[in-house]
Amino acid sequence: MTAPLLEIAESVFGVEPNPNCIARLQEAVGSHPKLTLRFCLLEECDPSELADQRFDTVFCANVLEHIKDDTAALRTFAHALVPGGKVLIFVPAVQAAYGPLDAELGHFRRYSKPTLAKPFNEAGLDLLELRYTNPIGLLGWMYNARIARSTTHSPAQVKLFDTLVAPWALPLERLVTPPIGLSLIAVGRKR
């Protein structure tokens, strides 16, 4: 996800604790002049260094569920933002779908609208958007969590979803907002 950001942003400051992801990123973008990368957990970052960056946007995809104190993480983001800056978050949804794969991936939780709205509010971020996405993916995840008790992603299931479902189902969400889904998307603004 970093490469497209580097095409449109003035600068990108990344935090990544996974050495495999760091290696793949460096393979994809090299030592890009717009990229500053920290190899650590968010909790290990120097808050003053982050605040000095004066970010206009913070973007996290499938990150917040890995952080034990999600409110503290959102406060860190809010502190590092310029006034009116935005936080864009993509997280797994529906706690009832929590299964062995979530545990294997290091997820502390899956979210509902109220359980994601609360830490945003406590961090001083006004929610501009909060919506579910991918209801069909939720069915597959529930099957894997509750029936198959899967601890790994199935490449065949991912390919099936990408080939047969995503091309029509995800664009349909632009017309009809699903009442529930595999993930939640949240956009908050610093007060």
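The values are calculated or read from the model by the stated rules, or taken from the named source; none is laboratory data. Here the structure is a predicted model, which means the values were calculated and not measured. Note that we place each Cβ from the backbone using ideal geometry, even for glycine, and neighbour counts take in every protein chain shown.
A compact table of results
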quantity	calculated
Hits in the stretch 136-159 - residues which are farther than 11 Å from Ala97 by Cβ and touching a helix residue (DSSP H, G or I) at 6+ places or on another chain (Cβ under 8 Å)	Ile136, Arg149, Ser150, Thr151, Thr152, His153, Ser154, Gln157
Qualifying residues in the stretch 157-191 (those that are among the hydrophobic types (A, V, I, L, M, F, W, C) and within 23 Å of His107 (Cα to Cα)) - the one surrounded by the fewest Cβ atoms within 10 Å (Cβ to Cβ)	Val158
Matching residues in the stretch 145-189 - criterion: being farther than 16 Å from Val94 by Cα and among the basic types (Lys, Arg)	Arg149, Lys159, Arg174, Arg189
Filter result for Val63 (touching a residue at least 12 places away in the same chain (Cβ under 8 Å), touching a strand residue (DSSP E or B) at 6+ places or on another chain (Cβ under 6 Å) and either among the small types (Gly, Ala, Ser) or on the phi < 0 side of the Ramachandran plot (or both))	no
Residue check, Ala103 more than 16 Å from the chain's Cα centre (by Cα), surrounded by fewer than 19 Cβ atoms within 10 Å (Cβ to Cβ) and of a type in the set (Gly, Ala, Ser)	yes
Verdict on Leu42 being among the aliphatic types (A, V, I, L, M), crowded, with 19+ Cβ neighbours inside 10 Å, in contact (Cβ under 8 Å) with a residue 12 or more places away in the chain and farther than 17 Å from Ile185 by Cβ	yes
Residues being within 20 Å of Ile89 (Cβ to Cβ), at pLDDT 90 or above and loosely packed, with under 15 Cβ neighbours inside 10 Å - total across the stretch 1-37	4
The listed residue being more than 24 Å from Met1 (Cα to Cα), in contact with a strand residue (DSSP E or B) (Cβ under 9 Å, 6 or more places away or on another chain) and touching a residue at least 24 places away in the same chain (Cβ under 8 Å), out of Ala123, Ala96, Ala73, Ala80	Ala123
Top-ranked residue in the stretch 92-130 [being among the aromatic types (Phe, Trp, Tyr) and outside any strand (DSSP E or B); ranked as farthest from Ser150 (Cα to Cα)]	Phe120
Residue under evaluation Val87, criteria (1) closer than 20 Å to Pro178 by Cβ; (2) surrounded by 19 or more Cβ atoms within 10 Å (Cβ to Cβ); (3) touching a Phe, Trp or Tyr at 6+ places or on another chain (Cβ under 6 Å), criterion not met	(1)
Hits in the stretch 66-84 - residues which are crowded, with 18+ Cβ neighbours inside 10 Å and either outside any loop (DSSP other than H, G, I, E, B) or on the phi > 0 side of the Ramachandran plot (or both)	His66, Asp70, Ala73, Leu74, Thr76, Phe77, Ala78, Ala80, Leu81
